[in-house]
Amino acid sequence: MRRRISFEIATTVIGATLYALGSYVTSYIVSPWGTGQFRPAIIIPSIFAIFFGPNVGGLSAAIGTFIADSLKHGTLYLKSFIAAVPSNFIGFYLLGKLLERDFTWRKFIIASIISLAVGNLICALLVAVYYLIFVPAFASSPLLFLASFVIGLTSWWFATMIPFQIILVPPLLRILTEVFPTITPPALKHADLTKEVPGKDFVLTLTITGLIILVIALAVSFSKDVAFIFTGGLNPGYRETVKSLIVAMFSITGVTLLAVGIAFPLLKKRA
């Protein structure tokens, strides 16, 4: 029992350190709303949650994100403690829990979609609440801001995280099971990791997400009503800037996801 606890503490520390470093590298690439960063490093707590269990995954994510955010801002960062810490813990704990007993690549994709959606939704909601409490001047209409900010930020986070999750985590898990067979969890031991990630699930996940994000970008660009839905809750001084950033960043993300999703089956056929 003590050995197990010591092992979980050690792996949590390692996971938190790696996640903090990985998150800090991209911490200055932020969302159109000026908060919430581009974070491919989510693959680190994902791997730790699947390989070492939900407790390790959740705790390493919560600690790692707080360290990264505090390093960036040069102080213990309150917004991170309120929003990022609990949402990271819940999201990656959920991922590990969903895959704890039975692992297949299809379940991995489904669990990734669920956990990233839930974690990002909670984080966006808590960030919005933080702004309404501590920076009320950021919003002109609290209810509209709460709805538009949460929908927009959750969508952007999910769309920029899911491709790294389903492209990079599978090969890394294969490597870990080969290098560390003695500590590989039963669910992974009994799974056939040599199989390819289901092409249909992979393509659908990327292309559907890409289409949704691209539609949002186009709608915000060409419809004043849609643009108002996404920016109307903001202080008027921020609206045009945020609108332009939504169009640009959502367009780039949507096109990239569609391109990868469409190219995947073509490259697979050639191989």
Contacts under 7 angstrom Cβ, first residue in region 151-176 being touching a residue at least 40 places away in the same chain (Cβ under 8 Å) and over 19 Å from S87 (Cα atoms), partner polar (S, T, N, Q) and part of a helix (DSSP H, G or I), 6 or more apart: I166/S112; I166/T205; V169/S46
Just one listed residue, out of A187, A263, is within 25 Å of the chain's Cα centre (by Cα) and free of Cβ contacts under 8 Å to residues at least 12 places away in the same chain, and it is A263
Where a residue in region 229-243 is more than 14 Å from V150 (Cβ to Cβ) and its partner, wherever it lies, is of a type in the set (K, R) and not in a helix (DSSP H, G or I), with Cβ under 8 Å and at least six apart: none
Given the conditions (1) part of a loop (DSSP other than H, G, I, E, B); (2) in contact with a Lys or Arg (Cβ under 7 Å, 6 or more places away or on another chain), report the number of the one that S23 does not fulfil. (1)
Evaluation of F103 against (1) of a type outside the set (G, A, S); (2) buried (at least 17 other Cβ atoms within 10 Å of the Cβ); (3) free of Cβ contacts under 8 Å to residues at least 24 places away in the same chain; (4) not in a helix (DSSP H, G or I) (one fails), failing number: (3)
Across region 198-210, which residue is nearest to S155 (Cα to Cα) among those that are in contact (Cβ under 8 Å) with a residue 60 or more places away in the chain and buried (at least 18 other Cβ atoms within 10 Å of the Cβ)? T205
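Yes/no per residue for (1) closer than 17 Å to I262 by Cα; (2) among the β-branched types (V, I, T):
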| position | (1), (2) |
| --- | --- |
| T184 | no, yes |
| V197 | yes, yes |
| I208 | yes, yes |
| N235 | no, no |
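Any read-out appearing in this document is the output of simple, stated calculations on the displayed coordinates, not a laboratory observation. Being a predicted model, the structure only gives us computed values, none of them experimental. A quick note on method: Cβ atoms are made from the backbone with ideal geometry, for glycine too, and the neighbour counts reach across all protein chains shown.
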